[in-house]
Every structure is written in C-alpha cells, then in structure tokens.
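The structure under discussion appears below in the form of structure tokens.
The values are calculated or read from the model by the stated rules, or taken from the named source; none is laboratory data. Computed from a predicted structure; not experimentally measured. All Cβ positions, glycine included, derive from the backbone under ideal geometry; neighbour counts span all protein chains shown. In case anyone asks, the SASA skips ligands and DNA or RNA and just uses the protein heavy atoms, side chains included. Shrake-Rupley method; radii C 1.70, N 1.55, O 1.52, S 1.80 Å.
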Protein chains: 2
Amino acid sequence: MKDFGIGLLGFGTVGAGVVEGLKRNGDLIASRLGVRPVLRWIADLDTTRDRGVEIAPARLTSNAEAVIDDPAVDIVIELIGGKGAALALTRRALQKGKPVVTANKALLAEHGAELFGLAAKHNTDIYFGASVGGGIPIIRVLREGLVANQIVSIHGILNGTCNYILTRMEQEGLAFDDVLKEAQDKGYAEANPALDVDGFDTAHKAVILAWLAYGAFIPTSQVLIEGIRHLAAADIRYAADLGYRVKLLAVVKRHADAVEVRVHPALVPRTHMLASVHGVFNAMMVHGDMTGPTLLYGRGAGREPTASTVIGDVGDLMKNLLTGSARRFQSTGGEASVRLLDRGEARTRHYLRLSLRDRPGTLARITAVLGEHGMSIASVLQQEGAGEYVPVVIVTHHCLERECQAALQEIAGLDVVGGEPVRIRIEE
Amino acid sequence: MKDFGIGLLGFGTVGAGVVEGLKRNGDLIASRLGVRPVLRWIADLDTTRDRGVEIAPARLTSNAEAVIDDPAVDIVIELIGGKGAALALTRRALQKGKPVVTANKALLAEHGAELFGLAAKHNTDIYFGASVGGGIPIIRVLREGLVANQIVSIHGILNGTCNYILTRMEQEGLAFDDVLKEAQDKGYAEANPALDVDGFDTAHKAVILAWLAYGAFIPTSQVLIEGIRHLAAADIRYAADLGYRVKLLAVVKRHADAVEVRVHPALVPRTHMLASVHGVFNAMMVHGDMTGPTLLYGRGAGREPTASTVIGDVGDLMKNLLTGSARRFQSTGGEASVRLLDRGEARTRHYLRLSLRDRPGTLARITAVLGEHGMSIASVLQQEGAGEYVPVVIVTHHCLERECQAALQEIAGLDVVGGEPVRIRIEE
C-alpha cells in the first residue's frame, strides 16, 4: 500500500485532533482508501507544550519551511490560522506544487483568489473543507454533491459561539454580557470575542460559500455584517412570543444579475429546521434548484470534528496524487463574474421594537411613516406600560433594506419615540 | 472541453428529471467540472409516452443493450428499477468496463456484493448516491467526508411515504388506513404500498448504509423489519403526551464484535432533530467517533432531487474517466467481515400499551412479569376508563429485545390482559 507523507503546520487544538485521528483511525482510513497517510513532521513555534497526544519528539520542529521543503512531505496541512505565517507558508507549499489542506477561513476569504490562482498555476490543489462548518461536510457537498444545481440560496448558522450565546439568552432569559462571560469561562468564547460575536467569522465563511456557489470572491469588506452584541433579552423574548427564534445567519442568495451576501441576526420561524439548532451546533440550509431544501447539521468547531474534515480532505488529496488527478475539482462555482447586490436592495420582513410615548395618535404617526417608505405592517404587539414610554413591537411585510433604513431614520427623529428603534430582519 | 457520452436506461420520473437537469444546467455543470455530459441515448420499453421533457425522438430507443454497447456511451445510468432487466443490464455495462450510476436500492441490497465485485474485476465503478436519500448526499458523505471516522451509529428516516403518513396521523389524529388512502390519492404512496409501509424499502437502504459504514452486505432477509401498518392513532397520541414523535427508523449501530441493523417504528424525543423531520422529507443522523452527531436532511425522493444526485455521480465518473482514476473509492467500509448482531441482543427502551382489566392488583402482576424478565419501569400512564378494560401505557428503561419479547409473550397470556399488547421501541 502506498504511503503519503503529511506535514502538519500548527500544533494547536485542531492539529492535536489530526494527530489523534490519524493515530486512532489510521488503519481504518488506509483500508478504506487503499493509501496510507503518514505524519512526517509537525511544525509549531512551541515545541514543548503537552497537547495530550503522544508524538515522537524528533518529529516536532519549529522550522515550518523545512517541513514544506522535505521531499518526504507530499501534503501540507496548514492549521496555524491568521494571515501572516499561514499565508507565506501556504504560498510556499503551492509554489512547490504540494497540495495544501487548510481550515483557515480568514486566509481564504481575504486571499482566496490569489491562493487558488497559485494552486492552478502549479497544478496542485487547496482543499478547505474545515474552513466552514467544522465537522459538517458542507464544502464537499456544495463542490461535488450539488454540482448539478443552481444554488438558489444558502442560510447558515456558522458560528457556534454566537449560537451558544443566543440559545442561552433565549432559554434562560439572560443578557448578552452575562452569557458572553459564561461562554468565556466555559471556553466556548475567546477572551477577545469580537471575531465571533461581531459577525466577522460568519462573514468569512459566507464569502467562501458564496464563492463555491457562484464562482466569485466577494470582498468581506463589502458584505453587510451585523453581530449579536446589541441584542436584548427583551427582543429574544418578544420574538419567542411571535413564534420565532433569533439566530445569527449568513444569507447567500442568487438574484437575476447579482449575488446577495449578508450576515446579521434574524428571526427564524420556530418550526423551521434552523430554529432547532441549539448551543454550539452549526447548520446550513442550501436550496438547490433541483434538490430543493437540504440541511446539514453538526459540530461546527472543536478538535475532533474539525480534524475529521481535515483528514477527509487529506484522503481526497492522496487519491488525487495516487492517480495523478490534481485539479479534480476546479473549486469554483463556474458562473460568470457576479456583482454583489447593493445592500439597500435586500428584501426581507422586519421585526421592529420602538419605545413610544403613551398618548393617542402615536401609533398612527408611526404607521404613516412606515407607509410613506413602502412598509406595510403584518402585526403589532403593544402591551400596557407604567412609564411615559411603552414598548411596541411591529412585524412588517417584505420591503427593501433601504426603505426600512429610511423609515427607521425618520422614526428615530420623531418626538414620540424614545431611544433608538430596534430592528431585526426576519428570514423565512 | 471534453464530452462524455451518457446512456440513460429507464425513462420514468427520475429519468425525465435527469434529462431536464442536464438540459437546464448542462452549461453550468460543464463550467464547474471542465467536462461536459452529453446524453446520447435514452432506452425505455415505452418510447411514445410524453414525459414532459423535450428530447430528440431519434435518441429514444427500446434497445437498452445497444445503448450500452454503443462506443459513444461512456457512462450508463440505470433507472429501470427492480431486479430483472436492471440486473442484466448493469452486469452488461460493467463487463464492458463502463461505469454505472444507479438509484436502485433493491438491486444493490440484494446483488451488491456481486455487482461491486464485477466492477472491481473490470476496473470500473458503480456510483449509487441516489439509492439512499434521494437528493441528500448521504452516500458521498459516508464514503468520502467521514472517511476518518469510525461510524458509531446511523439513525435514518429513509422513506418519505411512511414519514408523510406518520406526520399526518400525528397532526390530524387520523387512522393509518385513511392517511394511506389520502397519500395514494396525492401520489405520495404507490397503489401497492407494501414496499414502503412494511419497511422493506427502508431496509434496503439500511443495508446499503451498513455496507458503506462497515464493509459487509447484511442480507436483507436477516434484518429485523417492522413496518407502520399496525400503528394506531392512539399510540401516536400517547407518544405525543410523553414528549415523543413516532418515526419509522433505520438503525445501524456498531458493537464491539457485531453490527446491528434494524428497521421499525420508534419513539423519538420531540426535541431531537429527527423529530423535526415532517412530511415526505428524509434525514439521517450519523454519529462518527470524530465528528459526533451530524444530520443530513432533504427531499428523499422525487424527480429533480433524485436526478440531482444521479447527475452528481455522473460528474464524479466523468472526472474518473478523464483522469484515468476509476476505482477512486473502494466503496467499502474497509473493516474486516462483520457479523450481524442477534436480534434478541438489541438494547432499547420500550413503549408498551396494554389493555388491562380494571381491578385491583392488575398492574402489580404486569410489573412483576416485567421485572422477572429484567425490565424496569420508567413511567406509567393510566387513565380512568369506562369499560371492563382500560388502556395502560408503560415506558420502560433499557432492556434487551429478547427480554421484552419474552415478557410480552407472558403478558399476552395473562387473564387480566385484553387484546395484543402494543410495543414500540424508543430511540434517544
């Protein structure tokens, strides 16, 4: 049986999972594939810390370049993260014609066009299954399984930290800050949680999914990104009363002449499969024109789930090397260049929570403003309040993002309105 | 761009979907894969019926052998169904070294060992993504995505007809016979529904999944198969009261020295993702030792979803032919030969509904019999009744199948018990 040499760059959580997985299931993988992955080197700046997996110390080095350059290394796994060393080392491997497996969503979202071009130039591959969805095979399914489909839309819960926080806020009625602290204590959230809770991690993943579906890299900087920091326990409670759960969604959608990519909290009907995704789990609902709705659900992060997908990619690359079939998949949606839909042209329903002065005619003024901006009301929830202002929750029919923004700007300036209006989009 | 010739055998519902899909999305597929599928022939005994898709009449023939033999046909799609002509024609194609795409679960479950052996002998492939789960890429995910995992278990809702019937029974409180008739009127159930409602279709699919996971074909005749015909509206209602939904499940599980495969209705906790699968949808929950739980959900049948998966397989085979990499995947779980777990050794909780004579000491006698057979009670639901007998619902803790069967046999013979005890297994 043919062996293929693996060079692992980055010996963190997922790296240790890869080592563990190859050790525990290496024989099984070899018997399934007829080829065997052999770990030749592990490169990390820290060569002393115990990662809880047994390795031969002589195989651990701080010289990542030497690992890439070793002729005994056929496949490079990049699990360093970030866009510094990871970028330089990925370039180096590709330039040597060595295929790369990466879980680095930020790297691909920002430098994907360059790196995939480099892979093509050197007739080799980048596989990136673990960059979106951890242990969930969404990349493989989009690239290969749904190849016959026009991708109508993708709705994804792509960040386990955010979903954990939102689940706890809903189930316990807690405030964002309290749950964030709890998540940090449990290790579900980073000390600096901005990448997760402000939506950037989800946006990187959305950019990768949009690229697979439609063949163009949308610059992350142009994507509408709204995180979950501003969500109040009250809104999650009102949403529940209305039959919805609040989820941080990535939305990727095909329009006639543009692609829509946005990341924001959204009200999802409680009966929808995505509303049943609790805690740190991730899920993606893909609508293909032939398949209809297809959902994938599982662990979107973590040592072994992510390592499972990394090793799955290694399996593909070993087969590609064995049969001389690099570039098996073009890794592109294949469609002509697509333009990003203007943010203002997104069309959704909206949940609005306004703090209104409790006197006659107030609601009529609000509905008049909404109507002037093309927004019609589906339902209103107004409860008796004790103070000068009462909370009023309005659910609208579909309207354009720019109509809603203009209406909210005008409403915020009315003397009957206290505080900032709250708006959460609704996806159905 | 290189063309590959496709010969389609069987111009029924899915066949028409393949024709439609290749027509509508052929350019997209070609731009994604860099190769183009070209439909050379369609073979069907009926060459006149309108299938709602436009084809050149000269491409339609009743001579399937000639289609296979045509040197311009590189890939054969078998959508005839059944085990007669489909078997002979699949053999013929493989013997000529031509790869075959099939959606024929019965054929694979019964003749898979022979056909995969034949494919290996002639250095070609059988792809069978559409044999389980229609538009859901479960076969691809098990074969490639989860290659690094020991498969701990698979729980699947694999038959849309049964799930539609169970959903309607639950939501409307209807009896099985009434819903079956409605399903037949709507075209969701066959005139002869036995293959679906008696569990055989699900069992064929379970056998294929078990083979992918563990590398051995379990004879369908040895699988525990129980359908949904005997389910009463009352049981579905009681299950709901207890927090469960009733689903027809395929259960495939790894034990230390055996594989468990069974098909039967099961109570599933309402909070479990599988309980949210309504109507004709299918879903599979796969537990890998690295990924943890992973769910795939979508349309498990129908013209376009199934055709989507068939065309996806064609995509793989075109790439295999292009790069001379047939036999890319061994299509086996790769483990040593596995034995089927004895039916009596299956371990589950149980829902029991007994009709008991309404007099003192009756329940004590029942619990004594259960206890003698190693079964302990988790909860009892007894309501006041008007007649001589009252229904009593018992939920047990885990016990062995043979313990439960022995207990039920003894209970059925007691003079305080009226009618046959009802038993539904619980999966959690």
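Assess whether A:Arg229 counts as being assigned to a loop (DSSP other than H, G, I, E, B) and over 20 Å from A:Glu110 (Cβ atoms). Even if it seems obvious, please write down each step before you answer.
Working: assigned to a loop (DSSP other than H, G, I, E, B): yes; over 20 Å from A:Glu110 (Cβ atoms): yes.
Considered against the rule, which asks whether it is assigned to a loop (DSSP other than H, G, I, E, B) and over 20 Å from A:Glu110 (Cβ atoms), A:Arg229 comes out as yes.
Listed here are the residues, each with its yes/no results for (1) at pLDDT below 95; (2) in the same structural domain as B:Val14 (by TED's automatic domain parsing); (3) open to solvent by 40 Å² or more (accessible area, probe 1.4 Å).
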position	(1), (2), (3)
B:Ala307	no, yes, no
B:Ile311	no, yes, no
B:Val314	no, yes, no
B:Arg349	no, no, no
B:Thr362	yes, no, no
B:Leu370	no, no, no
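Taking B:Leu321, is it open to solvent by 20 Å² or more (accessible area, probe 1.4 Å) and more than 10 Å from chain A (Cβ to nearest Cβ)?
On the way: open to solvent by 20 Å² or more (accessible area, probe 1.4 Å): yes; more than 10 Å from chain A (Cβ to nearest Cβ): yes.
It is true that B:Leu321 is open to solvent by 20 Å² or more (accessible area, probe 1.4 Å) and more than 10 Å from chain A (Cβ to nearest Cβ).
Among the residues of segment B:375-393, how many are of a type in the set (A, V, I, L, M, F, W, C) and in contact with a His (Cβ under 8 Å, 6 or more places away or on another chain)? Let's see the steps before the verdict.
From segment B:375-393, those of a type in the set (A, V, I, L, M, F, W, C) are B:375, B:377-378, B:380-381, B:386, B:390, B:392-393; that's our starting set.
Then drop every residue that is not in contact with a His (Cβ under 8 Å, 6 or more places away or on another chain), which leaves B:375, B:377-378.
Looking only at that region, the number is 3.
Just the residues that are closer than 28 Å to A:Ala250 by Cβ, surrounded by fewer than 19 Cβ atoms within 10 Å (Cβ to Cβ) and touching a His at 6+ places or on another chain (Cβ under 9 Å), please, taken from segment A:406-419.
A:Ala406
Would you check if B:Arg49 is more than 29 Å from the chain's Cα centre (by Cα), crowded, with 18+ Cβ neighbours inside 10 Å and of a type in the set (D, E, K, R)? Steps first, answer last, please.
Values: more than 29 Å from the chain's Cα centre (by Cα): yes; crowded, with 18+ Cβ neighbours inside 10 Å: no; of a type in the set (D, E, K, R): yes.
So B:Arg49 does not fit the description; no.
Taking B:Ala64, is it more than 14 Å from chain A (Cβ to nearest Cβ), surrounded by 17 or more Cβ atoms within 10 Å (Cβ to Cβ) and touching a Phe, Trp or Tyr at 6+ places or on another chain (Cβ under 8 Å)?
Details: more than 14 Å from chain A (Cβ to nearest Cβ): yes; surrounded by 17 or more Cβ atoms within 10 Å (Cβ to Cβ): yes; touching a Phe, Trp or Tyr at 6+ places or on another chain (Cβ under 8 Å): no.
In short, no.
Check B:Arg143 against each of (1) basic (Lys, Arg); (2) at pLDDT 95 or above; (3) in the same structural domain as B:Ala216 (by TED's automatic domain parsing) and name the one condition it does not meet.
Every condition holds for B:Arg143 apart from (2).
Determine if segment A:191-212 includes at least one residue that is within 14 Å of another protein chain (Cβ to nearest Cβ) and either open to solvent by 10 Å² or more (accessible area, probe 1.4 Å) or among the aliphatic types (A, V, I, L, M) (or both).
If we filter segment A:191-212 for residues that are within 14 Å of another protein chain (Cβ to nearest Cβ), which is where we start, we get A:211-212.
Those still in the list that are either open to solvent by 10 Å² or more (accessible area, probe 1.4 Å) or among the aliphatic types (A, V, I, L, M) (or both) too: A:211-212.
Yes.
Assess whether A:Arg36 counts as being within 13 Å of chain B (Cβ to nearest Cβ), of a type in the set (D, E, K, R) and touching a helix residue (DSSP H, G or I) at 6+ places or on another chain (Cβ under 8 Å).
Details: within 13 Å of chain B (Cβ to nearest Cβ): yes; of a type in the set (D, E, K, R): yes; touching a helix residue (DSSP H, G or I) at 6+ places or on another chain (Cβ under 8 Å): yes.
Taking the combined requirement at face value, the residue satisfies it.
For every residue, the table says whether it meets (1) under 21 Å from the mean Cα position of the chain (by Cα); (2) within 14 Å of chain A (Cβ to nearest Cβ); (3) surrounded by fewer than 24 Cβ atoms within 10 Å (Cβ to Cβ).
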residue	(1), (2), (3)
B:Gly81	yes, no, yes
B:Thr90	no, no, no
B:Thr102	yes, no, no
B:Ala106	yes, no, yes
B:His111	yes, no, yes
B:Ala120	no, yes, yes
B:Tyr127	yes, yes, no
B:Ile136	yes, yes, no
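At pLDDT 95 or above and closer than 30 Å to B:Gln383 by Cβ, is that true of B:Lys247?
On the way: at pLDDT 95 or above: yes; closer than 30 Å to B:Gln383 by Cβ: yes.
Yes.
Of the residues A:Gly21, A:Gly15, A:Gly10, which is modelled with pLDDT of 95 or more and within 13 Å of another protein chain (Cβ to nearest Cβ)? Walk me through it before giving the result.
Working: A:Gly15 fails: within 13 Å of another protein chain (Cβ to nearest Cβ); A:Gly10 fails: within 13 Å of another protein chain (Cβ to nearest Cβ).
Of A:Gly21, A:Gly15, A:Gly10, the one residue that is modelled with pLDDT of 95 or more and within 13 Å of another protein chain (Cβ to nearest Cβ) is A:Gly21.
Do any strands (runs of 3 or more DSSP E) lying entirely in segment B:233-308 carry at least 2 residues that are touching a Ser or Thr at 6+ places or on another chain (Cβ under 8 Å) and within 14 Å of chain A (Cβ to nearest Cβ), and which ones are they?
Result: B:281-288, B:292-299.
Just a yes or no: is a residue in segment B:226-240 touching a residue at least 40 places away in the same chain (Cβ under 8 Å), of a type in the set (A, V, I, L, M) and closer than 21 Å to B:Gly134 by Cβ?
So far as segment B:226-240 goes, yes, one or more of its residues are touching a residue at least 40 places away in the same chain (Cβ under 8 Å), of a type in the set (A, V, I, L, M) and closer than 21 Å to B:Gly134 by Cβ.
Could we say that B:Arg327 is closer than 30 Å to B:Lys96 by Cα, open to solvent by 50 Å² or more (accessible area, probe 1.4 Å), outside any strand (DSSP E or B) and not assigned by TED's automatic domain parsing to the domain that holds B:Met273 here? If you could, list the steps in order and put the result at the bottom.
Details: closer than 30 Å to B:Lys96 by Cα: yes; open to solvent by 50 Å² or more (accessible area, probe 1.4 Å): yes; outside any strand (DSSP E or B): yes; not assigned by TED's automatic domain parsing to the domain that holds B:Met273: yes.
Against the criterion (closer than 30 Å to B:Lys96 by Cα, open to solvent by 50 Å² or more (accessible area, probe 1.4 Å), outside any strand (DSSP E or B) and not assigned by TED's automatic domain parsing to the domain that holds B:Met273), B:Arg327 qualifies.
Just to confirm my filter: which helices (runs of 4 or more DSSP H) fall fully inside segment A:159-214 and include at least 2 residues that are touching a strand residue (DSSP E or B) at 6+ places or on another chain (Cβ under 8 Å) and under 14 Å from A:Gly227 (Cβ atoms)? Give the derivation first.
Working: elements: A:160-172, A:176-186, A:194-197, A:200-214.
Where helices (runs of 4 or more DSSP H) fall fully within segment A:159-214 and carry at least 2 residues being touching a strand residue (DSSP E or B) at 6+ places or on another chain (Cβ under 8 Å) and under 14 Å from A:Gly227 (Cβ atoms), they are A:160-172, A:200-214.
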